[in-house]
1. Scan segment 35-53 and report the pairs whose first residue is more than 15 Å from Glu23 (Cα to Cα) and whose second residue is modelled with pLDDT of 95 or more and part of a helix (DSSP H, G or I), with Cβ atoms within less than 7 Å and a gap of 6+ or a chain change.
2. Just give me the residues in segment 1-44 being open to solvent by less than 90 Å² (accessible area, probe 1.4 Å), in a loop (DSSP other than H, G, I, E, B), farther than 18 Å from Gly81 by Cβ and not aliphatic (A, V, I, L, M), in sequence order.
3. Going by what's in this entry, would Tyr51 be described as loosely packed, with under 13 Cβ neighbours inside 10 Å, under 17 Å from Val15 (Cβ atoms) and in contact with a Phe, Trp or Tyr (Cβ under 7 Å, 6 or more places away or on another chain)?
4. Go through (1) in contact with a strand residue (DSSP E or B) (Cβ under 8 Å, 6 or more places away or on another chain); (2) at pLDDT below 95 and name the single condition Glu6 misses.
5. Scan segment 91-105 residue by residue and report those that are surrounded by fewer than 12 Cβ atoms within 10 Å (Cβ to Cβ) and either closer than 16 Å to Ala13 by Cβ or hydrophobic (A, V, I, L, M, F, W, C) (or both).
6. Which members of segment 45-67 meet the condition of being part of a helix (DSSP H, G or I) and either over 18 Å from Arg79 (Cα atoms) or not hydroxyl-bearing (Ser, Thr, Tyr) (or both)?
7. Which of the residues spanning segment 62-71 are farther than 22 Å from Thr32 by Cβ and open to solvent by 60 Å² or more (accessible area, probe 1.4 Å)?
8. Which of (1) open to solvent by less than 40 Å² (accessible area, probe 1.4 Å); (2) over 12 Å from Gln25 (Cβ atoms); (3) in contact with a Phe, Trp or Tyr (Cβ under 7 Å, 6 or more places away or on another chain) is the odd one out, the single condition Ala59 does not satisfy?
Amino acid sequence: MNGKKEVVPVIKAYVVEERISYEHQKIVFAETATQAKNIAYGCEPFEDFNYIELYASRAKYADGHENDSERDLTIHLIRNGWFFESGGELIDSDNLEQAIAENWI
């Protein structure tokens with residue numbers, strides 16, 4: 001041992017959103033807001049936006065969910081105010097249990 005402590009990166013959840021129409025956002029897991037923005041840049045749904053049009057902010061409610069399946073993360077996000085469209089159905093907290101029961105998500 002050399003006496004140095006190993007630095008373990010802390011992964012945090014961020015919401016990355018575009019600041020043009022405010023219609024597109026995505027949860028990204030990263031060490032910093034800048035890293036989250038870099039990860040999201042060029043990926044769906046941000047392919048048509050410039051880097052400077054993106055903004056990342058903390059989403060503490062999603063911390064610790066970086067290893068969730070896409071379905072489990074989607075359910076968690078809906079329970080925290082998000083909504084999604086799947087198969088022509090808008091899924092939000094009002095119809096989440098129905099969406100789960102009927103396999104919309």
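1. Every condition considered, the pairs that remain are Tyr41/Tyr51.
2. Answer for segment 1-44, where residues must be open to solvent by less than 90 Å² (accessible area, probe 1.4 Å), in a loop (DSSP other than H, G, I, E, B), farther than 18 Å from Gly81 by Cβ and not aliphatic (A, V, I, L, M): Gly3, Pro9, Ser21, Glu31, Thr32, Gly42, Cys43.
3. For Tyr51, the condition - loosely packed, with under 13 Cβ neighbours inside 10 Å, under 17 Å from Val15 (Cβ atoms) and in contact with a Phe, Trp or Tyr (Cβ under 7 Å, 6 or more places away or on another chain) - is met.
4. (1)
5. Ala101
6. Residues satisfying the conditions are Tyr51, Ile52, Glu53, Lys60, Ala62.
7. Glu70, Arg71
8. The number of the failed condition is (2).
The values are calculated or read from the model by the stated rules, or taken from the named source; none is laboratory data. The structure presented is a predicted model; accordingly, all values stated were derived computationally and were not measured. Don't worry about glycine lacking a Cβ; one is built from the backbone with ideal geometry, like all the others, and counts go over all protein chains shown. Quick note on the areas: whole protein, heavy atoms, side chains included, nothing else; ligands and nucleic acids left out. Shrake-Rupley method; radii C 1.70, N 1.55, O 1.52, S 1.80 Å.
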